[in-house]
Structure formats: structure tokens, C-alpha cells
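A.B. asks: I'd like to ask you about the structure that follows.
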Amino acid sequence: MMRRAPLGMMGNFTGRAVALCSFLACLAAGASAPVPAAAPAQPADSGALHAWQGGDDPASLERWVHAHLHRADAAIARVVAVKGAHTVTNTLRPYDDAVNQLALASNQASVLYGVGATGELRDKAQALTQEANAASTALSLNQPVYRGLAALPAPADAATRHYLERTLLEYRLAGVDRDDATRARVKALQDKITELGLAFERAIHDDVRTVVAEKAQLDGLPPDYLTAHPADADGHVKISTDPPDAWPAQRFANNAQLRHDLFLAADSVGYPANGETLRALLTARAELAQLLGYATWADFAMADQMTGSPARLRDYLQKVDDATRAPAEREAAALLAFAREREPSLTQISDADARYWQEQYRRAKYSFDSQSVRPYFPYTAVERGVIATASRLFHLDIRPVSGVRTWHPSVTTYDVYDGNVRLGRIYLDMHPREGKDKWFSTQPLTLGVHGRQLPEGTLVCNFPGGTAGDPGLMQYSDVVIFLHEFGHLMHHVIGGQNPYAGEAAFNVEGDFVEAPSQMLEEFFRDYGVLASFAHHYQSGGVLPRDLYERMSRADTYGRASGQQRQLMYTAVSLDFHTLPPATLNFDAVFRRNFERFSTDAFVPGAHMWASFTHLNGYSSNYYTYVLDKVIALDFFAQFDPHDLLGGPAGLRYRQAVLAPGATQPAAQLLRDFLGREPNLDAYRRWILAQFDAAASTISSAAR
Ligand SMILES: [Zn+2]
């Protein structure tokens, strides 16, 4: 995506949970979620707020997107036409109108590119996302608009001043003050980067692999999974790489060959096609960065972030490595010793088997079988529970809306209220479909403009459930991902109440956006929260306290190696955007970093980078997850462990961190809530909790 539009927004923000290794899912029997009757398709109204109102007709989508691009052009023309003094009213407001119209066009085209019902619609949406992003790039290089904004006297209020200053900074970083030839080359490269990024992700959406297993190889999987995966006449069972299918098999199957085959299938998605696409993408990024005076893309992409530069980032990452490396080695040694009790010939655990052995280890050492909690997490109850949790924590009322036409009948819709004031609308598109985006993300649909337009956003996920007769039993780590994405959604809605579209929440520094999401993950650790919705899907019984305690203790194991893995992805994303792309050996660089941060055996033939979609969305800045995990745990430590939802911290957090959106620098939001600079203390306690029996659960402290 275009990283440097002065709009301060990426065309396709994807805040993605990265719990790349944990999971299970799927079952049969029970009722599926009722699907509200949809309103009939409206004739394509080019002025309407939603791109999907014309149904699945690609031509209708095109008319809709073009209408918003024309409105953006008209707003830009108003800025350029100003005679005499530039003011906030005659310059910043129409500029922001253009930002808003371009965001509508690119966000909604981009969502339909990932979730559109037909291949034709997704093709059209892909082309239109490209077109809308090209229009944003053109605005980022528009000299008359830049001169108009630069001529504005400093606005009196701090928020508007910050918006203007940040916009001007983004213009300069985009290269607006370069000569005509340079700007033309920048434009061409930006457009190419958008095109290649979309092609990279699309190849992943469209590439579902299947492993054919013998029925006997499914030994170890839960009964509901076996019911949902009956063998054919020859005794064969097909397992796809979609998360609800593949993840339980990788975690629970006792058969090492099946685990290996599934691992290789999942790590072959996008390969080999994406090799050429990725090289072209990295080449275009490197050329653009150098054209604008930066040594590498990583330097360029961090210039407007909290970190500021790769050098500063390196110091920070060293501290995280220092906090996690030794505990991760202890975790790995314990795991290998355990596995060798079962298989004495084992000298190293294969990456394909790591999840399986971790599950076995947790069963033996913590008496916790993660299959035992799944019946308490049927999808629809979890949806209710996550919404109830967020409502109470943030003092909101989130009400279902029926009769809303969306892009697919399975999508559910809610309005978010503060008292009687409607703050925005959210959509949940939660189960896999053919051709749909295969990951978990939050995407804005509209940006909030106070008094004029409410923020709307959607989750695009691939959780179990959604088909008749399947209650969608979720693994506990699925619930954590749900909370993560809901944290993004709340940030978008609560932080979307400002006077300008460009002040929307996701326009804050990009390396802060994974803090509100990872903060909400921690609320999974509260028994009171879980007991409110974790009821057995058949008996209705509440998740037993004892089971919860064992789950919490088991969950502390593996944190350090999980963070080392995040450092590995961080290093891959940095190396790919720092080393010369022409000679970059993706497999070798990936493997080198894998071996730097993991004691597991690398699986030859794995090409995980080919489906690493964050290389498009976050480019070199995957470190965002690691940095923001530290911040999220620092935030969470401010909550009263005895009363997580009821204490005053929730409202204070909403007001200090979420509500400002992008009206202040992220560093200021941190200081306002914490009352000091952030530090690694809470993070270190979180990592070490597994070695400290007394501190291993919040609940034992809270009792
Ligand atoms: Zn995220």
C-alpha cells in the first residue's frame, strides 16, 4: 500500500493479529447464527455511503468509486482556486473533504477486494483500489495544494495545528518539493508498489491448498472435528489450509507425517508465484526510498513513526531480546526434554511439530488439555461475550441492527452508542469463504467527521462456524484473536469523533496501532469476563473455575518463545527492506533469521515469506507488534486486577488513549495515560510469570 500519502492513511489498513502458532477449531451439531433478512438491493446510488449498495455488480461498484473520486477532485479544485489569504475554512476543510472522499473510495474498494462475493467483483475491486490509491498519491504530490496548506497561519487549537504540521511533514516526505521529473518517477513507483502489493495478497487469497489424509492419521483430533471431516469411500479426508481446518490438525494430530504435510502446504501458499512479485515490490520500494534521499526503504518507512529510524529501533529490539532470549531457551529446553521422554531418539523439535509438542507439554505439566475448553467457546456466544466485555470496559452500548444490507448475508451489524448518542457502526464478517481474505484483520469503511459522518469499520476473519449445524467451537487462542481485532475496531470508532477525517484513529503513527488491539487481548485473562459468556454449548454450564485456573497457568508457558518468534518476523521484514533486492535470497534470509531466534529445526521446503501479507501492509515495520506488546502490557498494568472492567481505568483509557485518535502524537497519548514514559517492567513480569507460581495467574492475585 501507499505508505506516504499525506492523507496519513494507508489505503488498506490491516491490523492483523499474529498468533501464528496456536489453535484448533470446528465442530458439528447445534444451531448456526440466524441471518437477518437483508434489505433488497438498491439501485446504485453514486452518492450513497456504501460501495456494496448496488449488490455484486462490478459496474455499480465502479460508478460508486468514480463518484467519490470526482468529489475528491472537486474538493481539491476548491483548494487550488483560493484567491487571497488561505484559511482553515477555505483550505484545510476542503483538503480534508478530499481526504475523506479518497478514503471512502480506497477503503471500501479494498474491503470488497478481500471479501467480495464473486471473482469478477474482487477483480474490479482490486483495479479500483489501485485507482483510488493512485489518486491519493497524486494528491500527495500536488504542489498547489501543498503550497496552500503551507501558507496557512498556525491554527489556534493544538489538535488542528498537529494535523496541519503532520500533513505538511507527510507532504515533504512524499517528495512534493522535488522537480517535475522526480515527482513523476515517485508517482510511477508508488502506483507500481500499490499494484504489486495487491497482487501479492490476492495470490494468497486465491491459493487454498489441500492435504489428503488417511482417516487413521486424524487420531488425536476432537470428535466434532472428525464429524465435520468424514472420510470418503477410499478412507481419505481432505484438510484445507484455511485456519479452522488446518490449525486444529497441526496442534492435535498425533501423526507426525500429517503435521509435516500440513505445515508444508500452509508454508507453500503463494509460492512460487509471489517470489517474482515480492522481488519487484521490494525493488520499487528501494528505488523510491533512494530517490527521496534515504539509504533503504526501512529508513524511509520509519521517518514518521514513533521509532524514527532503524538505528533507534535496533537498540529497542536488543532490550526486548535481552528480556526474552534466556527465558525462551528455558522453555525450549523443557519442551525438548519432555518430548524426548516420549520419543528418545528426538534431538531437535521440528518447526512443523512445535505446536503439537507445546500442547502435549501443557497437558502433562499444567493438566490443561486445550480441547477441554472449546465446548465453552461456541462462536455466537463468544461474539456476544466480546461485545459485552468491550461495552462494559469502554462504557458503551453496542446494539445489533437488523435489515442492513451488507456484502454477504453472513455479516452481522451493530451500532455503537455512548448513552443515546450513536458513535458509529461495525460489521463482523467472521467465517471463511472461497476467495475471501484468509487472515484476521480490521478495516475502516468510513472515517468519522464530527457532526457530518460516523466512523464505520469491519472485521474480516476466518473463525470456525458460520455454516448450518456447526456451533463453531473456538480454541481459546481464537478468542484472544477476536479480542485483538475488536480492540482495533473500538479504537477506530471511539477515535473517529474528531472534526477532520484525517484525525481518524488509524492515522496516528503506524507503529502505535497494535497497542489498543494487544491491550484488549489481556482481558481474556479475567475469570469474571470469561464466566459471563463461556457457557458449555450443550449443557449451558459455566466454564469451571478450576479449568480456567489451569488454562491460565498453561497460557504463561511459551510467551518468551512466542516473542522470540515475533522478533524473527521483525528481522525478516527489516532484512527484506534493507538488503539489496536484486540479490536477496528469500529462503536463505528467512532461514537465517529463523535459526537466530528459534532452537526448533527449520523445515526444508517451507516458504512462509510467500504468504507473509504483513510484508505488504506493514512493509519493514513488522516490529510494530513487538513494540506495541510492551506498551499494551504497560497499559494493562494500570487496570485494577481485582476489578478489571468495573474500575475507573477503562474510561480513563478510552478518554486518554482511544478518543484522541490522531489529534496528538502517540508518545503524548502514552504519557497522558501512564503519567510517565513507557517501560518494560510489566512486559518482563508477563514473560517471567511462568517461572513464578504465585504470579502465574491474575486470578490468584485477585482472589
Ligand atoms: Zn492487529
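The values are calculated or read from the model by the stated rules, or taken from the named source; none is laboratory data. Please read these numbers as outputs of a predicted model, since none were measured by experiment. FYI the Cβ positions are ideal-geometry reconstructions off the backbone, even for glycines, and counts take in every protein chain you see. Note: accessible area is taken over every heavy atom of the protein model, side chains too, but ligands, DNA and RNA are not part of it. Shrake-Rupley method; radii C 1.70, N 1.55, O 1.52, S 1.80 Å.
A.B. asks: Just name the residue that is most open to solvent (accessible area, probe 1.4 Å) out of those in segment 141-152 that are within 14 Å of residue 85 (Cα to Cα) and free of Cβ contacts under 8 Å to residues at least 60 places away in the same chain.
C.D. replies: 147
A.B. asks: Of all residues being crowded, with 16+ Cβ neighbours inside 10 Å and of a type in the set (Asp, Glu) in segment 625-647, which is nearest to residue 484 (Cα to Cα)? Just the residue, please.
C.D. replies: Restricting to residues being crowded, with 16+ Cβ neighbours inside 10 Å and of a type in the set (Asp, Glu), the top hit is 628.
A.B. asks: Using beta carbons and a limit of 9 Å, which pairs, at least six apart or on different chains, have the first residue in segment 154-168 and under 16 Å from residue 501 (Cα atoms) and the second one surrounded by 16 or more Cβ atoms within 10 Å (Cβ to Cβ) and of a type in the set (D, E, K, R)?
C.D. replies: Short answer, once both residue conditions are applied: 159/503; 160/503; 162/503; 163/96; 163/503; 166/304.
A.B. asks: Would segment 400-418 turn up any residue that is free of Cβ contacts under 8 Å to residues at least 12 places away in the same chain and either farther than 17 Å from residue 205 by Cα or of a type in the set (Phe, Trp, Tyr) (or both)?
C.D. replies: So far as segment 400-418 goes, no, none of its residues is free of Cβ contacts under 8 Å to residues at least 12 places away in the same chain and either farther than 17 Å from residue 205 by Cα or of a type in the set (Phe, Trp, Tyr) (or both).
A.B. asks: Could I ask something else about it? How many residues does segment 212-257 hold that are assigned to a loop (DSSP other than H, G, I, E, B) and closer than 22 Å to residue 440 by Cα?
C.D. replies: 2
A.B. asks: Which of the residues belonging to segment 36-60 are closer than 20 Å to residue 400 by Cβ, part of a loop (DSSP other than H, G, I, E, B) and either open to solvent by 60 Å² or more (accessible area, probe 1.4 Å) or at pLDDT 90 or above (or both)?
C.D. replies: Correct list: 37, 38, 49, 50.
A.B. asks: A follow-up question, please. So for segment 470-493 (the condition being more than 12 Å from the ligand (Cβ to nearest atom), among the β-branched types (Val, Ile, Thr) and not in a loop (DSSP other than H, G, I, E, B)), does at least one residue qualify?
C.D. replies: Yes, there is a match, as at least one residue in segment 470-493 is more than 12 Å from the ligand (Cβ to nearest atom), among the β-branched types (Val, Ile, Thr) and not in a loop (DSSP other than H, G, I, E, B).
A.B. asks: Among the residues of segment 648-667, how many are open to solvent by 30 Å² or more (accessible area, probe 1.4 Å) and assigned to a loop (DSSP other than H, G, I, E, B)?
C.D. replies: 4
A.B. asks: Can you name every residue in segment 157-189 that is surrounded by fewer than 17 Cβ atoms within 10 Å (Cβ to Cβ) and of a type in the set (Val, Ile, Thr)?
C.D. replies: 182
A.B. asks: Regarding segment 81-95, can at least one residue be identified that is buried (at least 21 other Cβ atoms within 10 Å of the Cβ) and within 28 Å of residue 195 (Cβ to Cβ)?
C.D. replies: Yes, that holds for at least one residue.
A.B. asks: With respect to the numbered conditions (1) open to solvent by 10 Å² or more (accessible area, probe 1.4 Å); (2) under 25 Å from the mean Cα position of the chain (by Cα); (3) not aliphatic (A, V, I, L, M), which one is the sole condition not fulfilled by residue 616?
C.D. replies: Of everything listed in (1) open to solvent by 10 Å² or more (accessible area, probe 1.4 Å); (2) under 25 Å from the mean Cα position of the chain (by Cα); (3) not aliphatic (A, V, I, L, M), residue 616 misses just condition (1).
A.B. asks: Separate question: Restrict the check to segment 168-182 and report whether at least one residue is outside any helix (DSSP H, G or I) and closer than 30 Å to residue 269 by Cβ.
C.D. replies: No, segment 168-182 contains no residue that is outside any helix (DSSP H, G or I) and closer than 30 Å to residue 269 by Cβ.
A.B. asks: Here's something else I'd like to know. Identify, from the list 633, 644, 670, the residue that is more than 16 Å from the ligand (Cβ to nearest atom) and over 20 Å from residue 504 (Cα atoms).
C.D. replies: Of the residues listed, the single one that is more than 16 Å from the ligand (Cβ to nearest atom) and over 20 Å from residue 504 (Cα atoms) is 644.
A.B. asks: Then there is this: Do any residues in segment 446-461 that are surrounded by fewer than 20 Cβ atoms within 10 Å (Cβ to Cβ) have Cβ atoms under 9 Å from those of residues that are of a type in the set (Phe, Trp, Tyr), where the two are at least six apart or on different chains, and which pairs are they?
C.D. replies: Close Cβ pairs satisfying both conditions: 450/500.
A.B. asks: Looking only at helices (runs of 4 or more DSSP H) that lie completely in segment 500-561, which have at least 2 residues being modelled with pLDDT under 95 and either more than 21 Å from the chain's Cα centre (by Cα) or more than 16 Å from the ligand (Cβ to nearest atom) (or both)?
C.D. replies: Hits in segment 500-561: 527-531, 545-556.
A.B. asks: Right, another one. Counting just the residues of segment 502-540 that are over 30 Å from residue 307 (Cβ atoms) and without any contact (Cβ under 8 Å) to a residue 60 or more places away in the chain, which one comes out most open to solvent (accessible area, probe 1.4 Å)?
C.D. replies: 539
A.B. asks: Given the residues 264, 278, 282, 292, which is the only one that is closer than 24 Å to residue 581 by Cβ, over 22 Å from the mean Cα position of the chain (by Cα) and in contact (Cβ under 8 Å) with a residue 24 or more places away in the chain?
C.D. replies: Every option except 292 fails the conditions.
A.B. asks: Here is a list of conditions, (1) more than 21 Å from residue 625 (Cβ to Cβ); (2) open to solvent by less than 50 Å² (accessible area, probe 1.4 Å); (3) in contact with a Ser or Thr (Cβ under 9 Å, 6 or more places away or on another chain), and residue 260 meets all of them except one; can you say which number that is?
C.D. replies: Evaluating residue 260 over (1) more than 21 Å from residue 625 (Cβ to Cβ); (2) open to solvent by less than 50 Å² (accessible area, probe 1.4 Å); (3) in contact with a Ser or Thr (Cβ under 9 Å, 6 or more places away or on another chain) leaves (2) as the failure.
A.B. asks: Give the residue, chosen from 126, 101, 108, that is polar (S, T, N, Q), open to solvent by less than 10 Å² (accessible area, probe 1.4 Å) and within 30 Å of the chain's Cα centre (by Cα).
C.D. replies: 108
A.B. asks: On the basis of being in a loop (DSSP other than H, G, I, E, B), over 21 Å from residue 662 (Cβ atoms) and out of contact with any Ser or Thr (no Cβ under 8 Å at 6 or more places or on another chain), does residue 127 make the cut?
C.D. replies: No, not satisfied.
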